[in-house]
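What follows is a short report on a single structure.
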Amino acid sequence: MPIRHARVFPRYAFYCVLGGLAAIYVFCAMMLVPAKIYILPYLVTADFVRYKSAFFVLVLAIPAAIYLIFWKGSDFLAWWRTPKVMTVGAHGLQVGGTIVAFKDVTRLRQRHNRNHLLLTTRNGKTLRLRLDLWDDAPALLAEIEEAVGEVLRHDVERRLHAGDTVPFGALGLNAEGLVHKGQLIAWSSIDTIRTQSDEEGMDVDEQLVIVANGKARKIDRSKIDNEPVLMACLMQRLPAA
């Protein structure tokens, strides 16, 4: 039975856009002070202009506004043109007039720091799903990953048994082990594999940490293709991972 996911209002992205617009407003207010045009209270603008670090704050205001509006707030900008309902069925999904069959998906990649899911099909087109725009986003992600992973897993296993090295973006996988930056990490040398979250300011980066021979390697999970398939293959070969 098809599952319907309703569009939701992205409050966090909306507040980021408001913050960016506020930064632009303050910047404009400071630039108008020399012309004796005050769009903020006079005492506030006059005191701020005399502040020693005011110039550097103003220089950073515009880049900060661009970051907040077009990066952190991009989901709010996209919300206006996003259909109200997404339908996920056994064989594919539909968003407005766009239909994607799971059997046609060749690459799945999650942008963890933006919570976007990219689905690339055989014709080379990529559909960007902004997960924060849909209700019950974790369930939606799980539904798509399970359906696409089921389709791709059979082809990956076939290629592995044929002796191929299957690319997963930043990593490769073959019968001997994992390949990272051209170097083979043999199965026998791998101690543990785990995921880890690293916070950098307003962003959270998701890392796949591979410990082999006592040395840890960190791979940005946003650079891994078809991660659910990769993890399933790892679980088969490393039961304790």
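The values are calculated or read from the model by the stated rules, or taken from the named source; none is laboratory data. Predicted model, so just to flag it, every value in this text is computed and none were measured. A quick note on method: Cβ atoms are made from the backbone with ideal geometry, for glycine too, and the neighbour counts reach across all protein chains shown. When the accessible area is computed, the model is the full protein with side chains, heavy atoms only, and any ligands, DNA or RNA have been set aside. Shrake-Rupley method; radii C 1.70, N 1.55, O 1.52, S 1.80 Å.
Please specify each residue of region 78-112 satisfying the condition of being open to solvent by less than 40 Å² (accessible area, probe 1.4 Å), of a type in the set (A, V, I, L, M, F, W, C) and within 21 Å of the chain's Cα centre (by Cα).
78, 86, 88, 93, 95, 100, 102, 105, 108
Does at least one position in region 130-148 carry a residue that is in a strand (DSSP E or B), without any contact (Cβ under 8 Å) to a residue 24 or more places away in the chain, out of contact with any Asp or Glu (no Cβ under 6 Å at 6 or more places or on another chain) and of a type in the set (Gly, Ala, Ser)? Quick ask: steps written out before the conclusion?
We begin by selecting, within region 130-148, every residue in a strand (DSSP E or B); these are 130, 134.
Next, only the ones that are without any contact (Cβ under 8 Å) to a residue 24 or more places away in the chain stay: none.
Scanning region 130-148, I find no residue that is in a strand (DSSP E or B), without any contact (Cβ under 8 Å) to a residue 24 or more places away in the chain, out of contact with any Asp or Glu (no Cβ under 6 Å at 6 or more places or on another chain) and of a type in the set (Gly, Ala, Ser), so the answer is no.
Against the condition at pLDDT 95 or above, in contact with a strand residue (DSSP E or B) (Cβ under 8 Å, 6 or more places away or on another chain), in a loop (DSSP other than H, G, I, E, B) and among the hydroxyl-bearing types (Ser, Thr, Tyr), how does residue 82 come out, does it pass?
Against the criterion (at pLDDT 95 or above, in contact with a strand residue (DSSP E or B) (Cβ under 8 Å, 6 or more places away or on another chain), in a loop (DSSP other than H, G, I, E, B) and among the hydroxyl-bearing types (Ser, Thr, Tyr)), residue 82 qualifies.
Of the numbered conditions (1) within 16 Å of residue 107 (Cβ to Cβ); (2) of a type outside the set (Val, Ile, Thr); (3) at pLDDT below 90, residue 199 fails exactly one; give the number of that condition.
Condition (1) is where residue 199 drops out.
Does residue 199 qualify as being farther than 29 Å from residue 101 by Cβ and touching a Phe, Trp or Tyr at 6+ places or on another chain (Cβ under 8 Å)?
Criteria not met by residue 199.
Criterion first (farther than 16 Å from residue 229 by Cβ, surrounded by 15 or more Cβ atoms within 10 Å (Cβ to Cβ), touching a strand residue (DSSP E or B) at 6+ places or on another chain (Cβ under 7 Å) and among the acidic types (Asp, Glu)) does residue 75 satisfy it? Spell out the reasoning first.
Numbers: farther than 16 Å from residue 229 by Cβ: yes; surrounded by 15 or more Cβ atoms within 10 Å (Cβ to Cβ): yes; touching a strand residue (DSSP E or B) at 6+ places or on another chain (Cβ under 7 Å): yes; among the acidic types (Asp, Glu): yes.
So residue 75 fits the description; yes.
Between residues in region 74-85 that are touching a residue at least 12 places away in the same chain (Cβ under 8 Å) and residues that are surrounded by 17 or more Cβ atoms within 10 Å (Cβ to Cβ) and basic (Lys, Arg), which pairs lie under 7 Å by C-beta distance while being six or more apart or on different chains?
75/130; 78/130
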